[in-house]
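Undergrad: Take this structure first; my questions come after.
The values are calculated or read from the model by the stated rules, or taken from the named source; none is laboratory data. Everything quoted here is computed from the prediction, not taken from an experiment. Neighbour counts are summed over all protein chains in view; Cβ atoms, including those assigned to glycine, are modelled from backbone coordinates with ideal geometry.
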2 protein chains.
Amino acid sequence: MFSKACEYGIRASIYIASQSHKEKRSSLKTIAKQIGSPEAFTAKILQQLSKNNIISSVKGPNGGFEIEKKLIGKVKLSQIVLAIDGDSIYKGCGLGLKECSEKVPCPVHHQFKAIRNSIIHMLESTNLTELSLGLKDGSTFLKL
Amino acid sequence: MFSKACEYGIRASIYIASQSHKEKRSSLKTIAKQIGSPEAFTAKILQQLSKNNIISSVKGPNGGFEIEKKLIGKVKLSQIVLAIDGDSIYKGCGLGLKECSEKVPCPVHHQFKAIRNSIIHMLESTNLTELSLGLKDGSTFLKL
DNA sequence: GCAATAAAGGATAAAAAGGTCTTAATATAT
DNA sequence: ATATATTAAGACCTTTTTATCCTTTATTGC
C-alpha cells in the first residue's frame with residue numbers, strides 16, 4: 001500500500017509526536033532504534049518530512065526532531081503520505097491505466113473507487129495526536 | 001496497491017476471459033497489444049497464471065491462452081492477485097511491522113483493518129465474467 | 001574561539017522490481 | 001518428416017527502491 005520509506009516516515013512521525021507531547025526532542029539515533037528502521041535511510045526520510053514542514057529539526061547538541069506541541073493534532077496521515085509517496089494513492093488506476101476515469105473506466109474502476117475513497121477518508125481523518133496516544137499508554141507498538 | 005506484474009496479470013486475464021467467452025484463444029502477441037503491456041514480460045506473467053491453473057495454454061499453431069468457458073465465472077480476482085503478489089495484501093501490516101496483530105497492534109491497525117477487509121471482500125466477490133462484460137459492450141477499457 | 005554534537009547533503013552500493021533476449025519444447029498442417 | 005507457429009524456461013539487462021557512507025553545516029557549552 002505504501003512504500004517502505006513512507007512506512008518508516010509514518011512510524012517516525014508517530015514516535016516524534018509522542019515525544020513532542022512531552023516537550024522532548026528525538027534524535028535520529030533514538031528514532032531509528034525505537035521504530036526499528038535503518039538509521040541512514042531514516043535520516044533521508046526525516047529530511048523530506050522536515051522540508052515539507054511536517055516535522056522540524058534542530059542541529060547541534062540537544063538538537064533533534066520535534067513537532068510543535070499545538071501542531072501535533074493538525075498533522076494528518078495524508079500529509080505524510082503525500083510528502084513521501086506523492087499522490088499516486090489518490091489518483092492512480094487500480095490496474096495501472098493512465099487514462100482511467102469515470103468516462104473511460106477500467107473494468108475494476110467502480111469497485112476500486114469505493115476502496116480508494118475509504119483510504120482517502122482514513123488518511124484525511126487521522127492525525128498524529130490520536131496515533132501517538134496508544135504509544136504512550138502502551139496499547140500500540142512501532143517496532144518489529 | 002498491486003505490483004505492475006499483477007496489474008498486467010489482471011488485465012490479461014480479463015482480456016482472455018472476454019475472448020474465451022467467444023471460444024477464441026488469445027496469443028501472447030495479441031494479448032500484449034490489446035492490454036498495452038510489454039510482450040516478453042507479459043509472457044512471464046501468463047506462465048505464472050498458467051502454472052496456477054487460472055488460465056490454460058496451448059502450444060503450436062492456433063495455440064494461445066484461454067479459460068474454459070464454464071470456468072470463467074469461477075475465477076475470482078483474489079486468485080490472480082494471490083498467484084502473482086502473494087498474500088501480502090491479506091496479512092501485511094499497513095506500517096510494515098512483522099508482528100502486528102489484534103493483540104500487538106500498530107497505531108493504525110484498526111483503521112487499516114476496515115480497509116483491508118473491504119479490499120479482501122472486493123477481491124473475493126469479483127469474478128472474470130462480470131469484469132469481461134464491460135469490455136464486450138465497450139463500456140470499459142484495458143489500454144492506456 | 002574551540003571541541004563536541006547533531007542534522008543536511010551528496011556520492012555510492014545493494015537489492016528488488018520491471019523488462020528483454022535467446023533457446024528449447026510442443027503442437028499443427030502439409 | 002519437415003517447416004511453422006506458438007508457449008516455456010532460463011539467462012541477462014535496466015530502472016527504481018532501499019540502504020550506507022562520508023563530508024559539510026549549524027548549534028551549543030565551555
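Undergrad: Is it true that A:Pro61 is away from every other protein chain (no Cβ under 14 Å) and more than 20 Å from B:Gln111 (Cβ to Cβ)?
TA: Yes; evaluated as a whole, the condition is true for this residue.
Undergrad: Within the range A:64-88, how many residues are within 14 Å of chain B (Cβ to nearest Cβ), among the polar types (S, T, N, Q) and either away from DNA strand D (no atom under 13 Å from the Cβ) or in contact (Cβ under 8 Å) with a residue 24 or more places away in the chain (or both)?
TA: 1
Undergrad: Looking at B:Cys106, B:Cys100 in this structure, which one is within 13 Å of chain A (Cβ to nearest Cβ), in contact with a Ser or Thr (Cβ under 7 Å, 6 or more places away or on another chain), over 23 Å from B:Asn127 (Cα atoms) and assigned to a loop (DSSP other than H, G, I, E, B)?
TA: B:Cys106
Undergrad: Then there is this: Test A:Ile54 against the criterion of being within 14 Å of chain B (Cβ to nearest Cβ), more than 12 Å from DNA strand D (Cβ to nearest atom), free of Cβ contacts under 8 Å to residues at least 60 places away in the same chain and aliphatic (A, V, I, L, M), and give yes or no.
TA: no
Undergrad: So is A:Lys44 within 14 Å of chain B (Cβ to nearest Cβ), under 30 Å from B:Asp85 (Cα atoms), surrounded by fewer than 15 Cβ atoms within 10 Å (Cβ to Cβ) and within 16 Å of DNA strand D (Cβ to nearest atom) or not?
TA: Against the criterion (within 14 Å of chain B (Cβ to nearest Cβ), under 30 Å from B:Asp85 (Cα atoms), surrounded by fewer than 15 Cβ atoms within 10 Å (Cβ to Cβ) and within 16 Å of DNA strand D (Cβ to nearest atom)), A:Lys44 does not qualify.
Undergrad: Follow-up. Which residues, counting only those in the range B:84-95, are part of a helix (DSSP H, G or I) and either within 15 Å of B:Gln48 (Cα to Cα) or at pLDDT 95 or above (or both)?
TA: Scanning the range B:84-95 gives B:Ile84, B:Asp85.
Undergrad: Quick check: anything in the range B:123-133 without any contact (Cβ under 8 Å) to a residue 24 or more places away in the chain and in a loop (DSSP other than H, G, I, E, B)?
TA: no
Undergrad: Return yes or no: is A:Gln34 more than 11 Å from DNA strand D (Cβ to nearest atom) and modelled with pLDDT of 95 or more?
TA: Criteria met by A:Gln34.
Undergrad: Something else now. If A:Ala5 passes every condition in (1) surrounded by 18 or more Cβ atoms within 10 Å (Cβ to Cβ); (2) of a type in the set (A, V, I, L, M, F, W, C); (3) within 11 Å of DNA strand D (Cβ to nearest atom) but one, which one does it miss?
TA: Here A:Ala5 clears every test but (1).
Undergrad: Six or more apart or on different chains, Cβ atoms under 9 Å: show the pairs whose first residue is in the range B:1-13 and of a type in the set (Asp, Glu) and whose second is within 14 Å of DNA strand D (Cβ to nearest atom).
TA: These pairs meet every condition: B:Glu7/A:Gly96; B:Glu7/B:Met1; B:Glu7/B:Ser37.
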